[in-house]
Structures are given as structure tokens and as C-alpha cells.
1. Kindly evaluate PRO54 against the criterion of being open to solvent by 30 Å² or more (accessible area, probe 1.4 Å), within 15 Å of THR9 (Cα to Cα) and within 13 Å of the chain's Cα centre (by Cα).
2. In this structure, does ASP61 turn out to be of a type in the set (Asp, Glu), within 18 Å of SER12 (Cβ to Cβ), modelled with pLDDT of 65 or more and in a loop (DSSP other than H, G, I, E, B)?
3. Filter region 1-53 down to residues that are of a type in the set (S, T, N, Q), part of a loop (DSSP other than H, G, I, E, B) and more than 21 Å from SER64 (Cα to Cα) and give me whichever is modelled with the lowest pLDDT.
Amino acid sequence: MNTKTVWITGASSGIGQEFARRYAKLGFRLILTARRKDRLDALAAELSAKHAIPCRVLPADLASELDNRLNFLFFLKAYAEILNFCWCKWYWL
């Protein structure tokens, strides 16, 4: 198992889900973020079982200012060493 952690947003479907699968296959620890907790839980269970990696679920709506602040605090407190942050959801302002 790799000792690096990858935090992936938009992990419940599409390209975010594919990033999660690829990093899990490489043995990275994962933090999965998206709005749909049920899909995140299913993906985390699948990847943990298949690749024997720790997989943390952090449901959040990244369009929400409050959720973004909470995520940042979580990041500072729990994961000082994150290899990569995969932003897999585009917001057009």
C-alpha cells in the first residue's frame, strides 16, 4: 500500500469515479467527495475490498461555501500529506 493520499472530488460518477478506481489500483489511500453519499459509500466499499486500501468518504456539495470551509478544515486537521487533489467537477461562474 502506498502511504500517499489522493482526495478526489466528484467521485460518485464519471471521470471522478474513474480517477478513484485508477488511484486505488495503484494502492493510494483515498478521500472521496461528492454530494451523493450512497454512491460514495458503495464505491469506497468496492475499492477497499478489491485493493485493500483505506478509503474515506467525505460527502459535500462543493458549490456550498459552508461545505467548502468544512472540507478545508478537515484537510488541515486530518491529512497534511495529500499527493494530489483531483477536482472532477467544473463550475462555470
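1. no
2. Yes.
3. Just the residues of region 1-53 that are of a type in the set (S, T, N, Q), to begin with: 2-3, 5, 9, 12-13, 17, 33, 48.
Add one more test, that the residue is part of a loop (DSSP other than H, G, I, E, B), and what stays is 2-3, 12-13.
Then keep just the ones that are more than 21 Å from SER64 (Cα to Cα); that gives 2-3.
On the way: ASN2: 71, THR3: 77.
Checking each candidate, the answer is ASN2.
The values are calculated or read from the model by the stated rules, or taken from the named source; none is laboratory data. Keep in mind that what you see is a predicted model, and the values were worked out from it rather than measured. A quick note on method: Cβ atoms are made from the backbone with ideal geometry, for glycine too, and the neighbour counts reach across all protein chains shown. These accessible areas exclude ligands, DNA and RNA; they are computed on the full protein's heavy atoms, side chains included. Shrake-Rupley method; radii C 1.70, N 1.55, O 1.52, S 1.80 Å.
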